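Q: Next up is a structure, given as structure tokens.
The values are calculated or read from the model by the stated rules, or taken from the named source; none is laboratory data. The shown structure was predicted, so the numbers you read here are calculated from the model rather than taken from an experiment. Cβ: placed from backbone, ideal geometry, glycine included. Neighbour counts: every protein chain shown.
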Amino acid sequence: MENRPALLLCPPDFYGVEYVINPWMEGNVHRANHELAIQQWRAFADVLQRNARVELALPQPHLPDMVFTANAGVVLGGNVVLSRFFHRERRGEEPHFRAWFAAHGFEIHELPRDLPFEGAGDALWDYERGVLWASYGQRTELEVHPLLAKLLGVEVVSLRLIDKRFYHLDTCFTPLEHSYVLYYPAVFDAYSNRAIEQRVPAEKRIAVSEIDAVNFACNAINIGAKIFVNKATEELKSRLVSAGFELIESPLDEFLKSGGAAKCLALRLDEPVPATAHALSTIESRVLQIEGHLLDSGLLDRAHELTIDSGGSFRILDFTLGKQHQSTSKATILVAAPSLQILEKINAQMIDLGAVLPDESIVDAELQTVVQQGVAPDDFYVTTIYPTEVRVNGRWLRVHNHRMDGVVVIDGEHAFCRLIRDLSASDKVVTGTLGVRTLRKMESRESRRSAHADEFGFMGAGVSSERRVELVVDEIAWELRRLRERGGKMVVVAGPVVIHTGGGEHLASLIRDGYVQALLGGNAIAVHDIEQALLGTSLGVDLQRGAPVRGGHRHHLRAINTIRRCGSIRAAVEQGALTRGIFYECVKNDVPFALAGSIRDDGPLPDTQMDLIKAQADYARLLRGAEMILMLSTMLHSIGVGNMTPAGVKLVCVDINPAVVTKLADRGSLESTGIVTDVGLFLSLLVQRLAA
Ligand SMILES: NC(=O)c1ccc[n+]([C@@H]2O[C@H](COP(=O)([O-])OP(=O)(O)OC[C@H]3O[C@@H](n4cnc5c(N)ncnc54)[C@H](O)[C@@H]3O)[C@@H](O)[C@H]2O)c1
């Protein structure tokens, strides 16, 4: 019986639910039945003793979770890496387990103080694959993984846990004999599921249902063909039997009240490591610096959130707090990710928050040459709305023609933003995120809060909805007057709802009065405006009476037909066929317009550009130099325009649907305002305010 595995257990003398450090403990404080817990543990220990050599740690008063020995450390081939508990409540266990391992001749490794790691709860050895599956995201810090690889001399595969109920890897994942893996996929992020699928073929993956997962069926001890668990459904049992296993249930529900079961109660002490094992971890990390009103404007929170949401880990190495109201704070951050690809993704978002590499590690941007026209090299840097600089030959170059969703092309001493389709073979394109930075306006302490107040102004406490709109419209009117006085450029993007809501006459008057320098839209705004001008209806509805006109549905097509007969909107104005309305005013006042086609379009009008690449170019041309853009009730065209517009241009988005306003106004830039209201009312109020 000498090849029986060795397990460390700790009797539950002081076990109880004394505090809450996981969702299972909520509502269970002082509710564990101590007698029953002891009975369940004894029965479980007896079963294990028949199959393994059991060692015991001495339980300690006031350390109720010491019974969960799996969290003492991870043991591989005579080495133990001790845990550094995430929660203060469990840190008292550390010296006792340390003493036990020292007394039993293990080589002890300790991690730096500030790096949480919870032992075999978060690190499971897979002998047949020769890899240590290690998790992060709940209790263990990702940065621990490369240290485990180095200290234990093994390959570590990092998996991220995203469900608080499954706070340790061993609550939802167990490597089994014959290369099987028993696991609950729903609690891993997509990258981690891919990592599992790449290493474990489908026929070896035993995915459990939620019911088995919450009964801790994956919290299993596997010895030879036997699997010891709290309980499992008949369905899981029969799958395991057909894979050649025998499932042995031992009720442990008193321990489930603390969020632990079979595997948590035992630590394997003698896992063998094959001689061929070698240290390997794909974890990549980078130090970044960020400066600004980091706390008040929420910048640091956002940096933290985006790192965690993207699957990385985030640690503040240094923080200097700005002490005066206007002085800024500075943080040095270590960002780690399970792969270079994820690190680059996080870094790209960090750059948008204004993060930079520390001076000593700044390098030139990486460049790759385009080999196929209209196709960028892999890993090309994707531009965002923020003005950007790239470092080439030790100098920072400002990117010209900046817009979002472009690539950066370096031509000698100049950097340009281009769309992928416009790339030529031999263009040099920036790849990765090194040597790239964005220039952000300093966010004020209040800006973030008030940006949200704008979007959700209607729900704002103490301000009535009408009053809120009036205030915002006053501000817009004030800016429009100033813009007109200094000869600035304001562009309107408008959808057909402007006409249906009676806003057409107001938009026409803005054009007539010189507030609009270009108009963008689709076929529909023009058709409806012209139908209204020619026949007094919009889609057959009489706007004066708000009622459909007999045979009115034909009006729409008659309007299109009239313009087609004249040749164009301009020609219709010149021939006297079109005498009023938005597009009449555009022609009369030399305000250029561009109409981009869509699959919904009737006609279309001769002016509607149905070649979308040409339509995009028309939009881009008319948007050049714009200082303010008024987006009026068109999701399609507003989003298109938003994508072409760099930060620094003031965007005002008016839509009845708050979700559309949020999508358009929340670009993370400071200059956008969203107004949730009827566009007809908005335009009428704006014209009134301008006249006042
Ligand atoms: N007959 C035609 O040729 C025809 C007809 C309709 C649309 N189209 C084309 O289809 C494309 C998309 O059309 P779109 O821009 O109308 O649709 P869209 O879905 O992009 O936008 C309509 C927006 O108006 C908002 N809205 C609705 N009522 C409102 C109100 N009272 N006040 C403020 N906002 C309001 C909606 O929430 C929505 O966001 C365009 O290119 C358009 O030209 C063509």
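Q: Please work out which residue is farthest from residue 559 (Cα to Cα), limiting yourself to region 520-542 and to residues that are of a type outside the set (Asp, Glu) and more than 13 Å from the ligand (Cβ to nearest atom).
A: My answer is 541.
Q: Hand me the list of strands (runs of 3 or more DSSP E) wholly inside region 200-274 holding 3 or more residues that are assigned by TED's automatic domain parsing to the domain that holds residue 153, buried (at least 19 other Cβ atoms within 10 Å of the Cβ) and in contact (Cβ under 8 Å) with a residue 24 or more places away in the chain.
A: Correct list: 226-229.
Q: Give just the number: which of (1) away from the ligand (no atom under 11 Å from the Cβ); (2) touching a helix residue (DSSP H, G or I) at 6+ places or on another chain (Cβ under 8 Å); (3) under 19 Å from residue 602 (Cβ atoms) does residue 561 not satisfy?
A: Failed condition: (2).
Q: For residue 319, only one of the following conditions fails: (1) over 26 Å from residue 390 (Cα atoms); (2) modelled with pLDDT of 90 or more; (3) surrounded by 15 or more Cβ atoms within 10 Å (Cβ to Cβ). What is its number?
A: Failed condition: (3).
Q: Can you tell me which of (1) modelled with pLDDT of 95 or more; (2) under 32 Å from the mean Cα position of the chain (by Cα); (3) under 30 Å from residue 107 (Cα atoms) is the one residue 258 doesn't meet?
A: All conditions are met except number (3).
Q: Residue 592 is checked against (1) within 16 Å of the ligand (Cβ to nearest atom); (2) at pLDDT 95 or above and fails just one. What number does that condition carry?
A: Unmet condition: (1).
Q: Check residue 514 against each of (1) assigned to a helix (DSSP H, G or I); (2) touching a helix residue (DSSP H, G or I) at 6+ places or on another chain (Cβ under 8 Å); (3) farther than 18 Å from residue 503 by Cβ and name the one condition it does not meet.
A: Just one mismatch for residue 514, condition (1).
Q: Among the residues in region 667-678, are any within 12 Å of the ligand (Cβ to nearest atom), crowded, with 19+ Cβ neighbours inside 10 Å, modelled with pLDDT of 95 or more and of a type outside the set (A, V, I, L, M, F, W, C)?
A: no
Q: Need the failing condition index for residue 613 against (1) under 24 Å from residue 564 (Cβ atoms); (2) near the ligand (Cβ under 10 Å from one of its atoms), just the number.
A: (2)
Q: Let me ask something else. Being farther than 18 Å from residue 649 by Cβ, modelled with pLDDT of 95 or more and touching a strand residue (DSSP E or B) at 6+ places or on another chain (Cβ under 7 Å) is true for just one of 514, 504, 495. Which residue is that?
A: Checking each option against the conditions leaves just 495.
Q: With respect to residue 602, is the statement that it is within 16 Å of the ligand (Cβ to nearest atom), among the acidic types (Asp, Glu) and under 23 Å from residue 623 (Cα atoms) true?
A: When the stated conditions are applied, residue 602 does not pass them.
Q: Return a yes/no flag: does region 645-656 have any residue that is in contact (Cβ under 8 Å) with a residue 24 or more places away in the chain and assigned to a helix (DSSP H, G or I).
A: No.
Q: Follow-up. Can you confirm whether residue 634 is under 34 Å from the mean Cα position of the chain (by Cα), within 12 Å of the ligand (Cβ to nearest atom) and assigned by TED's automatic domain parsing to the domain that holds residue 477?
A: Yes.
Q: Inspect all residues belonging to region 638-652 and state whether any of them is near the ligand (Cβ under 9 Å from one of its atoms), within 22 Å of residue 477 (Cβ to Cβ) and at pLDDT 90 or above.
A: Yes - at least one qualifying residue is present in region 638-652.
Q: Can you name every residue in region 480-508 that is surrounded by fewer than 21 Cβ atoms within 10 Å (Cβ to Cβ), in a helix (DSSP H, G or I) and not basic (Lys, Arg)?
A: Scanning region 480-508 gives 483, 485, 500, 505.
Q: Being within 15 Å of the ligand (Cβ to nearest atom) and surrounded by 17 or more Cβ atoms within 10 Å (Cβ to Cβ) is true for just one of 597, 581. Which residue is that?
A: 597 is the lone residue from the list that is within 15 Å of the ligand (Cβ to nearest atom) and surrounded by 17 or more Cβ atoms within 10 Å (Cβ to Cβ).
Q: Checking residue 522 against (1) farther than 23 Å from residue 490 by Cβ; (2) in contact with a Lys or Arg (Cβ under 9 Å, 6 or more places away or on another chain), which single condition isn't satisfied?
A: Checking residue 522 against (1) farther than 23 Å from residue 490 by Cβ; (2) in contact with a Lys or Arg (Cβ under 9 Å, 6 or more places away or on another chain), the one that fails is (1).
Q: Okay, next question. If I ask for residues that are β-branched (Val, Ile, Thr), crowded, with 21+ Cβ neighbours inside 10 Å and out of contact with any His (no Cβ under 7 Å at 6 or more places or on another chain), which ones from region 371-401 would you list?
A: 384, 385, 390, 399, listed by residue number.
Q: Return the total of residues in region 90-139 being within 21 Å of residue 264 (Cα to Cα), basic (Lys, Arg) and surrounded by fewer than 20 Cβ atoms within 10 Å (Cβ to Cβ).
A: Within region 90-139, residues that are within 21 Å of residue 264 (Cα to Cα), basic (Lys, Arg) and surrounded by fewer than 20 Cβ atoms within 10 Å (Cβ to Cβ) number 2.
Q: Could you say whether any residue in region 442-452 is modelled with pLDDT under 95 and either within 16 Å of the ligand (Cβ to nearest atom) or aliphatic (A, V, I, L, M) (or both)?
A: yes
Q: Within region 566-586, is even one residue touching a residue at least 40 places away in the same chain (Cβ under 8 Å) and acidic (Asp, Glu)?
A: yes
Every residue, every condition in (1) among the acidic types (Asp, Glu); (2) within 22 Å of residue 140 (Cα to Cα); (3) without any contact (Cβ under 8 Å) to a residue 40 or more places away in the chain, yes or no:
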site: 4; (1), (2), (3): no, no, no
site: 12; (1), (2), (3): no, no, no
site: 28; (1), (2), (3): no, no, no
site: 40; (1), (2), (3): no, no, no
site: 52; (1), (2), (3): no, no, no
site: 57; (1), (2), (3): no, no, no
site: 65; (1), (2), (3): yes, yes, no
site: 68; (1), (2), (3): no, yes, no
site: 71; (1), (2), (3): no, yes, no
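Q: Let me ask something additional. Take residue 656 and tell me if it is more than 12 Å from residue 469 (Cα to Cα) and near the ligand (Cβ under 9 Å from one of its atoms).
A: So residue 656 passes the test.
Q: Restricting attention to region 505-518, which residues are more than 15 Å from residue 480 (Cβ to Cβ) and either in contact with a Lys or Arg (Cβ under 6 Å, 6 or more places away or on another chain) or within 16 Å of the ligand (Cβ to nearest atom) (or both)?
A: 505
Q: Any idea which of 344, 291, 360, 305 is over 28 Å from residue 155 (Cβ atoms) and under 15 Å from the mean Cα position of the chain (by Cα)?
A: Step by step, each of 344, 291, 360, 305 is checked, and only 305 is over 28 Å from residue 155 (Cβ atoms) and under 15 Å from the mean Cα position of the chain (by Cα).
Q: Still on this model: I'm trying to understand the selection: among the residues of region 344-395, which are without any contact (Cβ under 8 Å) to a residue 40 or more places away in the chain and of a type outside the set (D, E, K, R)?
A: Of everything in region 344-395, those that are without any contact (Cβ under 8 Å) to a residue 40 or more places away in the chain and of a type outside the set (D, E, K, R) turn out to be 382, 383, 393, 394.
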